[in-house]
Amino acid sequence: MVTCRVRAALAATALLAGCSPSESQQPLPRGEGFDFYVLSLSWSPSYCEAEGENASRQQCSRDHAFVVHGLWPQFEKGWPEFCDSDEPGRVPEELARAFLDILPSVGLIGHQWRKHGSCTGLSQRDYLEATRAAHERVRIPDRFEKPSSRVAVEPDEVEASFVAANPGMSQEGIAVTCDGQLVREVRICLSVEMAFRSCEEVDARACRLPRAAMPAALP
């Protein structure tokens, strides 16, 4: 469900959602210097299995399912990384902890800011607020909430489930990626105003395996 925060961000577009002024918050700051966003949702059990001892203990000690990997500014062709910014490279722990409900570790938050957030033209806080708004824009299909057993799925089936759960999303605007035989991420393309959109280059990088595994979340 689209929250009032996201509705406020969409108010400048045709996606008006009817929040009253008392319900909505100020519109999110608009990033600049890029064409659109990619919201990367990581299947946390796949990350923990693939990375093994190198995985974040903060993340892998929890029963996460899909979590935010990052919000990435993109060009129609290619993407910026590690840009110069007036903001510090380190995200203060107090600020980072306010977003641990969607981004599963302080280390990940800092890395995403340095690699991607620094290229949005936003402050650290505004970038993280934009990340939250993107997360709130996308509904996770019920079947992927917290499955208790390992399953084998068709990557196209995962895409179709997200498209069915999110009106306005198309299969040209989402890509499931794999790591070996594991489903690793779902990448969803969003305009700067948080509207679903197509993205040819991102879609072309989708997993081509006929089936891939999704490990179970922790009990």
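The values are calculated or read from the model by the stated rules, or taken from the named source; none is laboratory data. Everything numeric here is computed off the predicted structure, so don't read it as measured data. Neighbour counts run over all protein chains shown; Cβ positions are idealised from the backbone, glycine included. To get the accessible areas, we keep the full protein, side chains included, count just its heavy atoms, and leave off ligands, DNA and RNA. Shrake-Rupley method; radii C 1.70, N 1.55, O 1.52, S 1.80 Å.
Kindly indicate the residue of the range 146-171 that is crowded, with 20+ Cβ neighbours inside 10 Å and under 16 Å from residue 207 (Cβ atoms) and also farthest from the chain's Cα centre (by Cα) among those meeting that condition. First the steps, then the outcome.
Taking the range 146-171 first, the residues crowded, with 20+ Cβ neighbours inside 10 Å are 155, 158-159, 162, 169.
Now narrow it down to the ones that are under 16 Å from residue 207 (Cβ atoms): 155, 158-159, 162.
Working: 155: 17, 158: 15, 159: 14, 162: 13 Å.
Out of the qualifying residues, it is 155.
Can you name the residue in the range 65-79 that is outside any strand (DSSP E or B) and touching a strand residue (DSSP E or B) at 6+ places or on another chain (Cβ under 9 Å) and is also surrounded by the fewest Cβ atoms within 10 Å (Cβ to Cβ) among such residues?
Top of the filtered list is 76.
Here is a yes/no grid of residues against (1) open to solvent by 40 Å² or more (accessible area, probe 1.4 Å); (2) within 22 Å of residue 29 (Cβ to Cβ):
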site: 180; (1), (2): yes, no
site: 186; (1), (2): no, no
site: 189; (1), (2): no, yes
site: 195; (1), (2): no, yes
site: 202; (1), (2): no, no
site: 205; (1), (2): yes, no
site: 211; (1), (2): yes, no
site: 215; (1), (2): no, no
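How many of the residues in the range 107-131 are more than 16 Å from the chain's Cα centre (by Cα) and without any contact (Cβ under 8 Å) to a residue 24 or more places away in the chain?
Adding up the residues that qualify gives 0.
Among (1) of a type outside the set (A, V, I, L, M, F, W, C); (2) modelled with pLDDT under 90; (3) surrounded by fewer than 16 Cβ atoms within 10 Å (Cβ to Cβ), there is one condition residue 5 misses while meeting the rest; what is its number?
(3)
Failed condition for residue 174, given (1) at pLDDT below 95; (2) open to solvent by less than 10 Å² (accessible area, probe 1.4 Å), with all others met?
(1)
Select from the range 123-145 the residues that are among the β-branched types (Val, Ile, Thr) and either in a helix (DSSP H, G or I) or buried (at least 21 other Cβ atoms within 10 Å of the Cβ) (or both) and list them in ascending order.
131, 138
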